[in-house]
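Taking it in order: structure first as structure tokens, then the write-up.
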Amino acid sequence: MEDQRSLNSIIDVCLLAGKIMLENGAETYRVEDTMIRIASAFGCKESQSFSTPTGIIFSLDGDYPISKVIRISHRSTDLHKVTLVNSISRSVTNKELTVREAYIKLKELEKANVAYPLWIQIFAAFISSGCFTIMFNGQWNDFIWACIAGGLGFACLLHLHRLLEVRFFAEFIASFVIGVSAFWFMYIGLGSELDKIIIGAVMPLVPGLLITNAARDLIAGHLVSGLAKGADAGLTALAIGAGIAVAFVIL
């Protein structure tokens, strides 16, 4: 019974590490590799892991075979948390942490809010929107208007994500706000090129990490995860495009 309890503790640590990584934007193959390395460091050489964007199955073979499943219902992007999980994994591999210590650290990390404050995220979207406009051969007199439209859209996205559980609706409304803002700037004679303002402003909304992870998972042979993340990215891009299209139709 003691051995089985110990194995349960190890599998709980592995699943918690995988859950944190998958919820915060890590690639599927990295999640599986980290879980297997943690189990191996605790003496479980025979382990199997299967991850998808919505769940993880992990099993330990041997005298007391155990399998557990965990559901992933929330996904966001926080690569700092992924880095911290990797740091804990390295500490486990170097025999610096016990099973209980690793579990406590992971639990603290799961509850911690290590993301940048909202105003910094909005300011970053504000500046990057203008920079993208210039990068796409826009004019400098459109820089500030792209910044304002992008900042408003991203602030709307963050606010709606906190209020609503409906997937892709926040991206649709945020892009609609960007389209309306860009049209308004053109209407009052402030903007020069409508398309460049809109293109620069929507770039902070584009799911770049999802697209990258989908490609990396497909290359690594994780076809289910790669296709699922690719579909997620595609639907997000469709929602962004639909918001701009509705703004065009209305205005």
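The values are calculated or read from the model by the stated rules, or taken from the named source; none is laboratory data. Predicted, not measured: the structure shown is a model, and the values here were computed from it. All Cβ positions, glycine included, derive from the backbone under ideal geometry; neighbour counts span all protein chains shown. Accessible surface is based on the protein model in full, side chains and every heavy atom, while ligands, DNA and RNA are left aside. Shrake-Rupley method; radii C 1.70, N 1.55, O 1.52, S 1.80 Å.
Quick one: which residue in V224, V206 is open to solvent by 40 Å² or more (accessible area, probe 1.4 Å), touching a strand residue (DSSP E or B) at 6+ places or on another chain (Cβ under 6 Å) and touching a residue at least 12 places away in the same chain (Cβ under 8 Å)? Even if it seems obvious, please write down each step before you answer.
On the way: V206 fails: touching a strand residue (DSSP E or B) at 6+ places or on another chain (Cβ under 6 Å).
V224 is the lone residue from the list that is open to solvent by 40 Å² or more (accessible area, probe 1.4 Å), touching a strand residue (DSSP E or B) at 6+ places or on another chain (Cβ under 6 Å) and touching a residue at least 12 places away in the same chain (Cβ under 8 Å).
Which of the following residues is open to solvent by 20 Å² or more (accessible area, probe 1.4 Å), farther than 30 Å from T28 by Cβ and in contact (Cβ under 8 Å) with a residue 40 or more places away in the chain: I199, I178?
On the way: I178 fails: open to solvent by 20 Å² or more (accessible area, probe 1.4 Å).
From the options I199, I178, the qualifying one is I199.
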* Structure fact -> Of the candidates I188, I219, I211, the one satisfying the condition of being open to solvent by 30 Å² or more (accessible area, probe 1.4 Å), under 17 Å from the mean Cα position of the chain (by Cα) and without any contact (Cβ under 8 Å) to a residue 60 or more places away in the chain is I211
* Structure fact -> Within segment 118-153, restricting to residues that are among the polar types (S, T, N, Q), open to solvent by less than 60 Å² (accessible area, probe 1.4 Å) and farther than 12 Å from I199 by Cβ, the one that is modelled with the highest pLDDT is S128
* **Of residues in segment 34-52 being of a type in the set (S, T, Y) and over 19 Å from T77 (Cβ atoms), the one surrounded by the most Cβ atoms within 10 Å (Cβ to Cβ)** => S47
* Tell me, which helices (runs of 4 or more DSSP H) wholly within segment 85-199 include 3 or more residues that are among the small types (G, A, S)? -> 118-135, 143-163, 169-187
* Can you spot a residue in segment 12-33 that is surrounded by 14 or more Cβ atoms within 10 Å (Cβ to Cβ), of a type in the set (V, I, T) and not in a helix (DSSP H, G or I)? -> no
* Asked: Within segment 233-246, is even one residue closer than 15 Å to F154 by Cα, free of Cβ contacts under 8 Å to residues at least 40 places away in the same chain, surrounded by fewer than 23 Cβ atoms within 10 Å (Cβ to Cβ) and in the same structural domain as C131 (by TED's automatic domain parsing)?
  -> yes
* To do: Just name the residue that is nearest to S175 (Cα to Cα) out of those in segment 74-117 that are open to solvent by 60 Å² or more (accessible area, probe 1.4 Å) and basic (K, R).
  => R75
* To do: Only residues in segment 24-40 that are of a type in the set (D, E) count as the first member; pair them with residues that are surrounded by fewer than 23 Cβ atoms within 10 Å (Cβ to Cβ), Cβ under 6 angstrom, at least 6 apart or cross-chain, and list the lot.
  => E27/R216; E32/S49
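Listed here are the residues, each with its yes/no results for (1) modelled with pLDDT under 90; (2) under 16 Å from the mean Cα position of the chain (by Cα); (3) under 21 Å from K229 (Cα atoms).
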position: L7; (1), (2), (3): yes, no, no
position: V13; (1), (2), (3): no, no, no
position: K19; (1), (2), (3): no, yes, yes
position: L22; (1), (2), (3): no, yes, yes
position: G25; (1), (2), (3): yes, yes, yes
position: Y29; (1), (2), (3): yes, yes, yes
position: E32; (1), (2), (3): no, no, yes
position: K45; (1), (2), (3): yes, no, no
